[in-house]
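Have a look at the structure below before the remarks.
The values are calculated or read from the model by the stated rules, or taken from the named source; none is laboratory data. Source: prediction; values computed, not measured. Ideal geometry is used to build each Cβ from the backbone, glycine not excepted, and the neighbour counts take in all protein chains shown. Side chains are part of the model used for accessible areas, which takes the heavy atoms of the whole protein and leaves out ligands, DNA and RNA. Shrake-Rupley method; radii C 1.70, N 1.55, O 1.52, S 1.80 Å.
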Amino acid sequence: MSGPLKNFLPFLKPYMRRILLGMLLGCIAGGASGLGVPFFIQKVFKTIFDSQNTAYSLPYLIGIAACLPGIFLLRGVTGYYNQFIITVVGIRMLQDVRAKVFDKMQRLPLKWYEQRHTGDLLSRIVGDTTQMSQALLSMGNDGVQYVFQSIGGIIYLVILSVQNSEAMFILLLMAMTPLMTWPVRWIGKQLKKRGREVQDALGGMSEALTENLHGSVEVRAFNLQDRERSLFRAKLDQFLHASIKLTRYDKLPQPLMEIIAVSLLSVSFVYAYRAGIGFDVFSGMGAALYFTVDSFKRMVRAWNQVQRSQGAFERVEQIMSAPDDVEGTPGGLKLEKAAGAVAMREVGFAYGEEPTLRGICVDIAPGTVCGLVGPSGAGKSTFVKLLPRFYDVNSGTVLVDGHDVRGLDLASLRSQIAYVPQSPVLFNDTVLNNILLGRPGATREEAIDAARAANADEFIRTRLPQGYDTIVGENAGRLSGGQRQRLALARAFLRDAPILILDEATSALDSESEAHIHNALERLVKGRTVFIVAHRFSTLKLCDRVLVFDRGSIVADGKPDELMKSSGLYRQLHSLQTL
Ligand code: ATP
């Protein structure tokens, strides 16, 4: 086994005993078909056609006749359990693969996600893994039973030929083998290529679909239905063409094998006539030939399934082999309760080629409430994302309590930070559970206190049908932007972390809510190191210190009223705000 397929062998390990049992049953079913059925056909026919010369008793005849259903019963039962056991293993393995891929996705860095499309990832975790399990099922079912069926058939043919001194027949059969393997190999190659194209096209379709679902408001607001339709249509066409190409090759082996099989039978007819072979021997030989060719056909089908799913294996393997999230130093220092001192030394960072932050040097004492202002794209959000190591610096060092964050245990570092992003995501769960995400294990009362502090309690009780037990809906579509932000703030209150990051977390609040929340924020920021990325200057009233960003650098740093005197950019930003 080669390439990406090999990397998935460990998934079979836990099921090795069941697989071996399934294979053993497959081997019995295959042997019963290839060897047993032709043998008994010959035996039964010989008895019946000899009956003019020999008088058999009725019980003997019944006994002989029962051999055929008997061998089919053995074949049926063992074949059934072979398929059942292997299929269940396949289903379990599919579950394991999906769980493992999902687990891996939780450890992948944000940068990795930014280079990929949600739709394509969905298609990999749902569609490609299904393809993979089908390939393994085919190998486990058809690949085993029919290998033994063909071996049984060939053994039977060899025995017949030896008994009847008709070795020539086997030679003829052998001569046919290259005829079978050459097209199979060629078709397999085509299937591998086309299979990858189909999986990629499926990913593309899934991308278009998720984009359309995410942008449902924009599609209606800008009348983009026609554009969306034609984009999706194009993806559908791509998938259609790839599927048709795949089907062309996928359906080719069956007639090809049948033609070869019938040719073999014709050859054997001629040979049987010339060699004067009796009907009983011929019927046994015919059955053995049928089962041998039939098993070739099914093995080819299984092989083709494996070939066409190689693309799926490759696509899933790309996820599994991607490097993990920023590495937490194994055995790194665990921050239990940080004081909250934050420093950056000569920090440089770039998402791509262009530097986003350069030469950042700053020391923030514990308990400082620090505002970040600057023109759009200046690097404010990027600056705060370096603290929880959403990204690692390209140069320089980020320090928390004097420790380089790269030397700290990642989970413990993040546990010391409450981060409220620009567009907080609420999960499709109750309001209460969404707040509890801030500190799993907190009580209902603590969550309600946090909601009160975030000025969210009133709207939760009066506007939501089941209060705290209302399901917020996918992406909290039923809540306003301000309500979502207040729930996100409630989470941060509940987290009670020494470092708090508010990335324009109050931008969607109306003036009244903002006034209400101002007091709450005053309480929230007390005793913590806080970074507030702010567009509203009113938010800066809370700040002891403001960092002014411009094109990736800190160009001014000081108390808000000092900056009004010393920084032209700060004054400019302020006047734009108050206009
Ligand atoms: P704003 O006030 O508009 O939110 P900002 O000062 O917070 O801006 P950042 O979000 O830090 O600015 O972005 C700084 C620069 O980095 C911008 O040019 C932006 O396009 C780029 N950038 C931000 N996030 C990414 C990303 N995930 N991948 C690539 N580039 C990014």
For this session: Specify the angular offset, from 0 to 90 degrees and rounded to the nearest 10, of the alpha carbon long axis of helix 481-495 from the longest principal axis of the alpha carbons in the chain.
Result: 90 degrees
Exercise. In nm, what is the difference between 0.36 nm times the number of residues separating Met16 and Asp469 and their Cα-Cα distance?
Worked result: 158.5 nm
Problem set entry | Carbon + sulfur, % of accessible area of the chain - ligands and nucleic acids excluded, 1.4 Å | 59 percent
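Given the peptides 145-158, 243-256, arrange them by the average over their residues of other C-beta atoms within 10 Å, most packed first. Walk me through the numbers on the way to the answer.
Values: 145-158: 23.1, 243-256: 15.9.
Averaged packing, sorted descending, gives the order 145-158, 243-256.
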Seminar exercise, completed: Note on the stretch 322-414: alpha-carbon gyration tensor, axes a ≥ b ≥ c; rule is a/c under 1.5 for rounded, else prolate if a/b larger than b/c, else oblate; result oblate
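May I ask you to work out the translational diffusion coefficient for the stretch 4-320 at 10 °C, viscosity 1.306 mPa s, via Stokes-Einstein with Rh from the Kirkwood sum over Cα pairs, reported in whole µm²/s? Provide the component values of the computation, followed by the final result.
Values: Rh = 22.8 Å.
Answer, rounded: 70 µm²/s.
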Problem set entry | In nm, spacing of pseudo-spin labels at Asp409 and Ala66 (7 Å Cα→C-beta vector) | 7.1 nm
Exercise. Under the Karplus relation 6.51 cos²θ - 1.76 cosθ + 1.60, θ = phi - 60°, what is the ordered set of whole-Hz ³J(HN,Hα) values for the stretch 25-35, x standing for Gly and Pro?
Worked result: 5, x, 5, 5, 4, x, x, 4, 6, x, 9
Exercise. What is the dipole size for the chain, taken about its Cα centre, with +1 at each Lys and Arg Cβ and -1 at each Asp and Glu Cβ, in debye to the nearest 20?
Worked result: 1140 debye
For this session: Report, by chain and number, residues whose modeled amide H sits under 5 Å from the one on Phe531, excluding near sequence neighbours (fewer than 5 apart, same chain).
Result: Cys370, Leu500, Ile501, Leu502
Exercise. What range in the chain is the longest one free of GluC sites (Glu not before Pro) that are in a loop by DSSP and have at most 10 other Cβ atoms within 10 angstrom?
Worked result: 1-335
Exercise. Given a Förster radius of 30 Å and the C-beta distance between Lys526 and Asp561 as r, what FRET efficiency does 1/(1 + (r/R0)^6) yield to the nearest 0.05?
Worked result: 0.90
Exercise. Tell me, how many Å apart are the Cα centres for the stretch 531-579 and for the stretch 337-359?
Worked result: 19 Å
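Skip the ligands, DNA and RNA, and give the accessible area per residue of the stretch 241-372 with a 1.4 Å probe, whole Å². Don't skip to the answer; put the middle values down first.
Numbers: 6320 Å² over 132 residues.
Value for the stretch 241-372: 48 Å² per residue.
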For this session: Arrange the peptides 123-136, 485-498 so that the one whose residues have, on average, the most other Cβ atoms within 10 Å appears first.
Result: 485-498, 123-136
Exercise. Which whole number of Å³ per residue matches the convex hull of the alpha-carbon atoms in the chain?
Worked result: 217 Å³
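Taking only C-alpha pairs under 8 Å that are 6+ residues apart, what is the relative contact order of the chain in percent? All intermediate terms of the calculation are to be shown ahead of the outcome.
On the way: 898 pairs, mean separation 87.8, N = 579.
Once normalised by length, the contact order is 15 percent.
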Problem set entry | Cα-projected label distance for Asp550 with Glu228, points at 7 Å along beta-carbon direction, nm | 4.3 nm
Problem set entry | Pairwise label distance in nanometres, Val425 with Arg92, each label 7 Å out on the Cα-Cβ vector | 3.2 nm
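Within 10 Å, count the other beta carbons around each residue, average over each peptide in 359-369, 533-543, and list them highest first.
The packing order, highest mean first, is 533-543, 359-369.
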Problem set entry | Taking only Cα atoms of the stretch 426-496, radius of gyration then Dmax in Å | 10.4, 29
Exercise. So what J values fall out for the stretch 362-377 if you push phi through Karplus, 6.51 cos²θ - 1.76 cosθ + 1.60 with θ = phi - 60°, rounded to Hz, Gly and Pro as x?
Worked result: 7, 10, 10, 6, x, x, 7, 9, 10, x, 10, 10, x, x, 4, x
Exercise. What is the helix-to-structure angle for 37-50, meaning the angle in degrees between its Cα long axis and the longest Cα principal axis of the chain, kept from 0 to 90 and rounded to the nearest 10?
Worked result: 20 degrees
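Using helices alone, what [θ] at 222 nm do you get for the chain, with -39,500 (n - 2.57) per DSSP H run of 4 or more residues, divided over all residues and rounded to the nearest 500? Let's see the in-between values first.
Details: 22 runs with 357 residues, N = 579.
Rounded to the nearest 500, the figure is -20500 deg cm²/dmol.
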For this session: Please determine, in degrees from 0 to 90 and to the nearest 10, the orientation of helix 167-214 with respect to the longest principal axis defined by the Cα atoms of the chain, where the helix direction is its Cα long axis.
Result: 20 degrees
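Could you compute the FRET efficiency for Arg461 and Gln106, with r as their C-beta to C-beta distance and R0 at 30 Å, rounded to 0.05? Present the calculation step by step, with values, prior to reporting the outcome.
On the way: r = 34 Å, r/R0 = 1.14.
The calculated FRET efficiency here is 0.30.
Out of all DSSP beta bridges in the chain, what portion is antiparallel? Express it as a percent rounded to 5. Don't skip to the answer; put the middle values down first.
Numbers: 19 of 37 bridges.
Bridges in the chain are about 50 percent antiparallel.
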